[in-house]
1. Out of the range B:126-158, which residues are farther than 21 Å from residue B:57 by Cβ and either within 16 Å of ligand 1 (Cβ to nearest atom) or in a loop (DSSP other than H, G, I, E, B) (or both)?
2. Residue B:38 passes all but one of (1) touching a residue at least 60 places away in the same chain (Cβ under 8 Å); (2) more than 12 Å from ligand 1 (Cβ to nearest atom); (3) within 14 Å of chain A (Cβ to nearest Cβ); which number fails?
3. Could you identify the single residue in A:253, A:239 that is without any contact (Cβ under 8 Å) to a residue 12 or more places away in the chain and either within 30 Å of residue A:680 (Cα to Cα) or not in a strand (DSSP E or B) (or both)?
4. Identify all residues within the range B:41-91 that are under 18 Å from residue B:121 (Cα atoms), within 12 Å of the chain's Cα centre (by Cα), within 13 Å of chain A (Cβ to nearest Cβ) and away from ligand 1 (no atom under 15 Å from the Cβ); write none if there are none.
5. Is it true that residue A:744 is of a type in the set (Gly, Ala, Ser) and surrounded by fewer than 24 Cβ atoms within 10 Å (Cβ to Cβ)?
6. I'm checking my understanding of the structure. Among residues of the range B:99-131 that are open to solvent by 20 Å² or more (accessible area, probe 1.4 Å) and among the β-branched types (Val, Ile, Thr), which one is farthest from the other protein chains (Cβ to nearest Cβ)?
7. Confirm whether residue A:373 is buried (at least 24 other Cβ atoms within 10 Å of the Cβ), in a loop (DSSP other than H, G, I, E, B) and either aromatic (Phe, Trp, Tyr) or modelled with pLDDT of 95 or more (or both).
8. Does residue B:162 qualify as being polar (S, T, N, Q), open to solvent by 30 Å² or more (accessible area, probe 1.4 Å), away from ligand 1 (no atom under 16 Å from the Cβ) and farther than 27 Å from residue B:15 by Cα?
Amino acid sequence: MNNNDLKYVGKPVPRKDGPLKATGGAQYTVDISLPGMLVGKVLRSPYPHARILNIDTSQAKKLPGVKAVVTSADSLKVKHGFIDTPRYPADQYPIAVDMVRHAGEEIAGVAAIDEDTANEALSLIHVEYERLPAVFDPEEAMKLDAPEIHPNHPKVSDPYKNIGGKIETAFGDIEKAFTGSYLIREDKFYCQIRTHGYMEPQATVASWDHSSKLNVWTSSMGVFLKRARLARTLGLPFGSVRILKTYVGGAFGGKIDLYGHEYIASLLSMKCRLPVKIVYTREEVFKAARHGQPLIVEIKTGVKRDGTILGQQIRTINDSGAYRGSGVVAIFLAWGFAMAPYRIPSMQYEGYSVYTNNLVRAPQRGHGAPKMRFAAESQFDVIAEELGMDPIDFRLKNARNPGDMLPNGDSVKNFGLKECIAKVAEKTDFKAKYEAALKERHSGSTIKRGIGIGTTAYFSGSLVYPNSSTVIVRFNDDASVSVMTGALDIGQGCETVISQIVAEELGVPLNEIHVHAADTETTPVDIGSWISGLTYVTGNAAKKAASHAMKKLLNVAAQELGSEVQELIALDKTIFVGHSPDRKISYGQAIAASIAKNKGDCIIGEGHFRTMKDEVSPPSLSTAKGRWTENYSNYAQVAEVEVDTETGMVRILKATTAHDCGFPVNPVLVEGQIDGQVSMGQGHILSEELRVEDGCVINPSFLEYKMPCALDMVETDYIDVITETYDKEHHYNTKEVGEGYVSGTVASVANAIYNAIGIRVKKTPVHPQDIIDALEKHEHGGKGDLTR
Amino acid sequence: MTRPSKQIISLNVNGDDYELAVRPNRTLLEVLREDLMLTGTKEGCEDGSCGTCTVLLDGAPVRSCMLLAVDVAGRHVVTIEGLASDNELHPVQKAFVEYGAIQCGYCSPGMILTAKALLDTNPNPTEEEIKLAISGNLCRCTGYNKIVSAIKIAGENIAGVSSHE
Ligand code: FES
Ligand code: FES
């Protein structure tokens, strides 16, 4: 089938939950209220590293209105971790046992009849600490004399005691590559800590009911992972823990893993047998929740005289905070984002994830890509300039071609990167503007313009628990359709996308498709909204489920009409015999016939999908061996900026994105993803930074942590590069669209700043004062790199 | 801990008159969400910096987390639940839905009410005026592009309808 023949897929239909959200009717976790519900609060460590000598909760327990107080003494002391493998065993208790390793770590929880009482109870808990030496800088923490953060932990890199994760991988012959290089560049780049900035704070309601079942509503990115982690740490069978759907007010990576408050709310509810709700204050989100990964990237690249890349050596250091969190994943992914987009015949990569006494890190939109691409793309431009090439030609020379095999065994079968680069350069008139800016640099004007490019290839789902998706499509008696999916819509619009796919397969209008989603008890397992594979994996499961139901419906129709299935045509919920259209049966009649004559079969379709079906496990986090993903998305993004050399202010005038997401199932949702990422990338490169002193966040408010507002809005433009089709007969190959672009924005703005003023950005964010200082240094004959 | 005693206030919310007993330290946001169960109004920061708690007070957008309920006694409040009438979405709501201005939706109630107040006083705003009006409402999902276009379109639709009347 040609994409043009489609009725629902590929169309910019409005999201299904729009009216509910626009009228205030969508229930988020913060809105849940149950009879008898108590307010839960968490007592957190004020110190970044300390031994807990004693916790006295007796006074708090006596306070009228307090219904439960819990500490680790009430817990089973089971550790959890974003990663839990023999090499990287779980390393964190959901409520501190004897030690705290970061400020804000959970020590106790209280449940009381109102917020004031709960807060007062917290103030009545007395904790005795013995403070311990702490370390906050990952490079310091890697030294032999640094304080040891996890003394009883298996070491991955003796004798360095704080290295919580290490990955080493190589291919080709790096020595030979460098010896044969015409030019070799070595640079070091730094990225800051950013918060996710979800507008709905962390929130959980837990209710232990009379049938000894724990019901949990929590602001998350996938209910099945939460259930697994919660059940294990509480020592309950999976069937005794139910996570129910709520609307989610943004997540961006920050709501995946198990959080202490989810465990504590559950424990409190189990103790007092009443529902307990914990909602973070915004200050608590800033000071105690997990934030993104700061990364240091050292990168050395060798090229031939004509610009062909021969080899690349990369070392990354990630400050993973007090527990491993997703730190070891970030250093694995950073490798992936280095090797995927461009042909690099020889590469040597080592990544370190280092324990410090900082807050734990979570994945964050792009998870390593913005930092790695910022480093690589910035260095590409340096090299291109030294070779006298322009940035576009350099990239076109080295970008991968469709069908290339990656060193890990993945094929980039349908890779649109070159097309993205060429199209975005053409549409933005890149080369002319680039040259014009170089000339303008020496003019008298204090406002300089520049243009820059950044590119990415991003994975589309991988094999991480729960690995796969199942969808059930059920016809109702009136021929409307119910879809059961475990997918959780976190704002990206997956319920709408799944409905479009089901509507396409069944020929039933969108408003007659009812999605029942994200409930561990009543919906089948789902891969989750956090591994960039939902539209691909869950979407294909939905497609299979719908076509399974459709096949059953057509079989009944064939029986009833006395014809062959192949002769039938379905249109507007009626099935006709193609050559004699007056022989027809409505969907409703066919369903009734199925129930009457096929032993009550009311027509239910079932579909499963797992990416990389022949692989047993995800790639290795220590060697990077093994397949990563089936489909790589591509982007090339061009930013045009204006730099005021007097004030140091940088304005992004426009961001143009050429994107290959396979094909867009819903173009308006795709554009929304791009716009949101441009804005996040803008915050990353220009303003956002979580400032931390001795492990404590010192700017815990939107007043002091600057996220882009409407006045900062960047004009966006999009170019579709379509590399796939949606075909009714087969599964389709759509690609990631919600994470990768953020890197394009960071890299393209950094390169555009250089084009405008000749200052090479080597750290983010770029504050106006940094620009002024760098320009001053430059004027006095210094190199003028903008770095730490 | 001693608590201040409650005061009786009357408040008109979405056209209905309420008589409420509230402690003087409670915000309008808390009273709307917890006493009247109007949870469409959201809390994002509790320090006046995000705009998710925006409601209309006598027609003007205000941050309900920054106002004490006792200080607005006797006044008219419109929350997001009071905007659609007879099951018909307000043109701003309609445009937000149709033009992709909603993603997670957490900022949407505050954003929509702010936009409505703008269009009430300035039915044909420029892009800059729109951006300025909503600059105190943070949205992390959309980058604002589709929100700004939706408000523009809503303004045009409202003007179109009234010029036909
Ligand atoms: S909650 Fe009122 S401004 Fe953020
Ligand atoms: S739509 Fe999510 S914050 Fe605006």
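The values are calculated or read from the model by the stated rules, or taken from the named source; none is laboratory data. No experiment lies behind these values; they were computed from the predicted model shown. Note: ideal-geometry Cβ built from the backbone for every residue, glycine included; neighbour counts use all protein chains shown. The area values use the complete protein model at the heavy-atom level, side chains included, leaving out ligands, DNA and RNA. Shrake-Rupley method; radii C 1.70, N 1.55, O 1.52, S 1.80 Å.
1. Scanning the range B:126-158 gives B:126, B:139, B:140, B:141, B:142, B:143, B:144.
2. Residue B:38 satisfies every listed condition except (1).
3. A:239 is the lone residue from the list that is without any contact (Cβ under 8 Å) to a residue 12 or more places away in the chain and either within 30 Å of residue A:680 (Cα to Cα) or not in a strand (DSSP E or B) (or both).
4. B:78, B:83
5. no
6. Per the criteria, the residue is B:121.
7. In short, no.
8. no
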